[in-house]
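The structure appears below as structure tokens.
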Amino acid sequence: MIRTTCRSALLLSLGCAACSPAAPPAHEHPLIDLARAELVDLTHPFDERTIYWPTSPSTFGLERLAYGPTEGGWFYAANAFCTPEHGGTHLDAPIHFAEGGDTADRVPLARLVAPAVVIDVGRQAAADADYRLALADVETWEREHGPVPAGAIVLLRSGWAERWPDRKRYLGDDTPGDASKLHFPSYGLEAARHLIERRRAAALGVDTASIDPGNSRDFPVHRLAGAANVPGFENLAHLDQLPPTGAWVIALPMKIASGSGGPLRAIALVSKRS
């Protein structure tokens, strides 16, 4: 079982985050029976269709170095890949928008492996591609499920993952080199402030291209999160397979020294329905 106590092998490996004075009481976090847990992949594959920010100078590249039988008679395959940090399912390290913030290699594991809460705004986003999670949405969620527990990874589900990898439908525009006409939903500033400052969220994740909406010009949620050393997980997949509470997320990025982000392999552990 995964428990938020110092006796948990998982949390001991995270530096026993639950033992700190700022951590929530143990009963606020869910229990997962690993023998009965279902695994959900929250990651889009990296390939020639992977979506990057329109101003990115390049996209994902894979070069085959070897593929086939060797002189010794055995099979051997190897590739080289090249990618900007911020594309596909990826981490935004705090330094991405905050000077002095944690780089990709310094983000604490306790912010990458944590219980998850899922806030669903699919209905609102279907009616308004520029929808921003409102504080009222969070308050409505909390009336039904209780306060977002401190140390949780907050995941915002808009339904946009279903549009992947159609660049125009996903970003709202596919003009090369132009990020001024994007339209997709994400967090609103006041909701993000509540989650970060009052609820002490470990991280913010979303199934769109940014933790700020596509029509944002000054990226206030990025700046707020970065200043609080809260990472972001962008372009997540399959959030529709997670319950509002009860899942755990493991979101491990490539550990790029001094990086502002990087490719992320994110999964969730969900208790099997009886």
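The values are calculated or read from the model by the stated rules, or taken from the named source; none is laboratory data. The structure presented is a predicted model; accordingly, all values stated were derived computationally and were not measured. As a convention, Cβ positions derive from the backbone with ideal geometry for all residues, glycine included, and neighbour counts pool all protein chains shown. Heads up: the accessible areas ignore ligands, DNA and RNA and are worked out on the full protein's heavy atoms, side chains in. Shrake-Rupley method; radii C 1.70, N 1.55, O 1.52, S 1.80 Å.
Helix-derived [θ] at 222 nm for the chain: sum -39500 (n - 2.57) over DSSP H runs of at least 4, divide by residue count, nearest 500? Present the calculation step by step, with values, prior to reporting the outcome.
Details: 6 runs with 40 residues, N = 274.
Mean residue ellipticity, 222 nm, calculated: -3500 deg cm²/dmol.
Picking from Ala125, Ala35, Ala227, which is most flexible by a Gaussian network model of the chain using Cα springs under 10 Å?
Judging by the Gaussian network model, the answer is Ala35.
Measure off, as a whole percent, the carbon and sulfur share of the 1.4 Å-probe accessible area of the stretch 30-104, all protein chains present.
Reported share for carbon and sulfur atoms: 55 percent.
Taking the Cα atoms of the stretch 179-274 alone, what are Rg (to one decimal) and Dmax (as a whole number) in Å?
For the stretch 179-274, the Cα radius of gyration and maximum Cα-Cα distance read 14.3, 48 Å.
Quantify, in whole percent, the carbon and sulfur part of the accessible surface of the stretch 183-253 (1.4 Å probe; protein heavy atoms only). Before the final figure, lay out the partial values.
Numbers: 1070 of 2160 Å².
C and S fraction of accessible area: 49 percent.
What accessible area per residue comes out for the stretch 165-274, rounded to a whole number of Å², with a 1.4 Å probe? If you can, show how the numbers build up before the last one.
Details: 4370 Å² over 110 residues.
On a per-residue basis, the stretch 165-274 sits at 40 Å².
Per 10 Å bin, what percent of the C-alpha pairs of the stretch 83-221 does each bin hold, from zero upward?
Spelled out bin by bin, the stretch 83-221 gives 12, 42, 36, 11, 0 percent.
Find the relative contact order for the chain and round it to a whole percent, using C-alpha pairs within less than 8 Å whose residues are 6+ positions apart. Walk me through the intermediate numbers first.
Numbers: 636 pairs, mean separation 75.8, N = 274.
This gives 28 percent for the chain.
Taking only C-alpha pairs under 8 Å that are 6+ residues apart, what is the relative contact order of the stretch 65-123 in percent?
Details: 33 pairs, mean separation 9.6, N = 59.
Over the stretch 65-123, the number comes to 16 percent.
With springs only between Cα atoms under 10 Å, which of Asp47, Asp207, Asp174 fluctuates most in a Gaussian network model of the chain?
Per the Cα network of the chain with a 10 Å cutoff, Asp47 tops the list.
Cα centroids of the stretch 152-219 and the stretch 55-86: how far apart, whole angstrom?
Here the answer is 31 Å between Cα centres.
What is the local net charge at Gly214, summed over the other residues whose Cβ is closer than 10 Å to its Cβ (Lys, Arg +1; Asp, Glu -1)?
With Lys, Arg at +1 and Asp, Glu at -1, the neighbours total -2.
Ordered by packing density, taken as the mean number of other Cβ atoms within 10 Å over each peptide's residues, highest first, how do 67-75, 251-259, 175-183, 96-104 rank? Display every interim value, and only then the final one.
Details: 67-75: 7.7, 251-259: 16.1, 175-183: 12.8, 96-104: 18.0.
Peptide ranking by packing, descending: 96-104, 251-259, 175-183, 67-75.
Based on the mean of other Cβ atoms within 10 Å per residue, sort peptides 60-66, 83-89 so the most packed one is first. Display every interim value, and only then the final one.
Numbers: 60-66: 11.6, 83-89: 21.7.
The packing order, highest mean first, is 83-89, 60-66.
How many angstrom lie between the C-alpha centres of the stretch 89-143 and the stretch 236-274?
First find each Cα centre; the distance between them is then 12 Å.
I'd like to compare 238-244, 265-271: which one has the highest average count of other Cβ atoms within 10 Å, and what's the full order after that?
Result, highest mean first: 265-271, 238-244.
In the stretch 176-274, what % of DSSP beta bridges are antiparallel (nearest 5)?
Details: 6 of 8 bridges.
Bridges in the stretch 176-274 that DSSP calls antiparallel: roughly 75 percent.
From the backbone phi of the stretch 60-71, what are the Karplus-calculated ³J(HN,Hα) couplings (6.51 cos²θ - 1.76 cosθ + 1.60, θ = phi - 60°) in whole Hz, Gly and Pro given as x?
Ordered by residue, 3J(HN,Hα) equals 7, x, 10, 10, 6, 9, 7, 6, x, x, 8, 4 Hz.
Report, please, the projected area of the chain averaged over directions, based on the convex hull of its C-alpha atoms, in nm².
Working: hull surface 67.3 nm².
Seen from a random direction, the Cα hull of the chain projects 16.8 nm² on average.
First measure r as the distance between the Cβ atoms of Ala35 and Leu109, then evaluate 1/(1 + (r/R0)^6) with R0 = 35 Å and state the FRET efficiency to the nearest 0.05. Don't skip to the end; give the middle numbers.
Working: r = 23 Å, r/R0 = 0.66.
Approximately 0.90, to the nearest 0.05.
For the chain, what proportion of DSSP beta bridges, expressed in % and rounded to the nearest 5, is antiparallel? Mind showing how you got there, number by number?
Numbers: 32 of 45 bridges.
If we restrict to bridges inside the chain, about 70 percent are antiparallel.
For the chain, set up a Gaussian network in which alpha carbons nearer than 10 Å are linked by springs, and say which option among Arg143, Arg169, Arg132 fluctuates the most.
Result for the chain, Cα springs under 10 Å: Arg143 fluctuates most.
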